[in-house]
Every structure is written in structure tokens, then in C-alpha cells.
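The values are calculated or read from the model by the stated rules, or taken from the named source; none is laboratory data. All of these numbers come straight from a predicted model, not from anything done at the bench. Reconstructed Cβ throughout: ideal geometry from the backbone, glycine too, with neighbour counts over all protein chains shown.
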Amino acid sequence: MPTSNAVAHPRRQAVEPDDVDHFPLDAPQRRVRLRRGGPRTPLPLLPVIAIAAGIGIAYVNQTAHTTQATYHATELTAQQQQLRSQDAQLGDELGRLESSERVVAAAQQLGMRPADKWAYTASHAVPIVPASAAVQLTSGIDQSALQQLVAELLGAYGSSGRGR
């Protein structure tokens, strides 16, 4: 039997060199199992771990996307503000360039002078040919008459840039 300084396992007894004579030789010896490696993960937990990892990755991806979208929106807001101030500057510049004082000063620098008296021209009334009459004219007339009509209409409206 074990002595007082030996530690006994609940299922097996400590064997001391003196007590070897007390055990029968034909008794089967128990084999001690030692566990190797780290703790084992039960197989049913693997899908749960994989799902949790997938949810974590999706969360990080969504957070990164939201951060990027916020950055882009901030950048666009700053760009819009810059464009608005540039539009205001260009509007002021256009107003300055269109002012009548500037136009008169530029004309005088080019050698022009203001008119001594204003002249008005009266335009003469131009008859308007209805569309139905134009169709009747073109249906039974040869090409020379049509060309004469076009020439008269162009002459009545003034030929812009012709013969000058």
C-alpha cells in the first residue's frame, strides 16, 4: 500500500518499488494515455467559428466602405464650395468686362469716337408667303422660277455677307 508521502490517483494507485512483490505478474497493466498537442476543437463548432469570422470580415468591409464614402462626400463638398467661389469670381469679372464704361474706353483706345448724332434706319415691310402658297408655287414651276423666288426672298431679308 502507498505510504503517506506518495500521491495517489483516484483510479490508480502509486506503485512503489517495495510494493512490486504484492502484485500478481499475470494481472494486465493499465496503459497511461498522454494527450499530445493543444486542446482539440470539437467539429460542430467549426461552422459557427467560420460564420462568426465571416460576419466580422463583412462588418470591417462595410465600415471601411462607409469611411471611404464619407471621405469622398467631404471631398466633393469642398470641391463644390471651391467651384461656387470661382463662379462668383468669374461672374464679377464678366460684369466688369461687360460694363459700358469699359467698352467705351476700349473703343476709344482703338481709335473710335462716339457718334455725333444717332441715326435710325427703318426697315421696309417684307411680305410673308404662306406655306400652302409656297407648296403650290413649287409644284408646277420649273427650276429657274424656284431659283428666282429663293433669290427674291434672300434679297428681301438681306443677304448677310454676300457681295461685301
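Of all residues in the range 107-124, those that are without any contact (Cβ under 8 Å) to a residue 12 or more places away in the chain have Cβ atoms under 9 Å from Cβ atoms of residues that are among the basic types (Lys, Arg), 6 or more apart or on another chain, in ALA107/ARG113. Scanning the range 95-118 for residues that are aliphatic (A, V, I, L, M) and surrounded by 10 or more Cβ atoms within 10 Å (Cβ to Cβ) returns LEU97, VAL103, VAL104, ALA105, ALA106, ALA107, MET112.
With respect to (1) over 29 Å from the mean Cα position of the chain (by Cα); (2) at pLDDT 95 or above; (3) aliphatic (A, V, I, L, M), the lone exception for LEU90 is condition (1).
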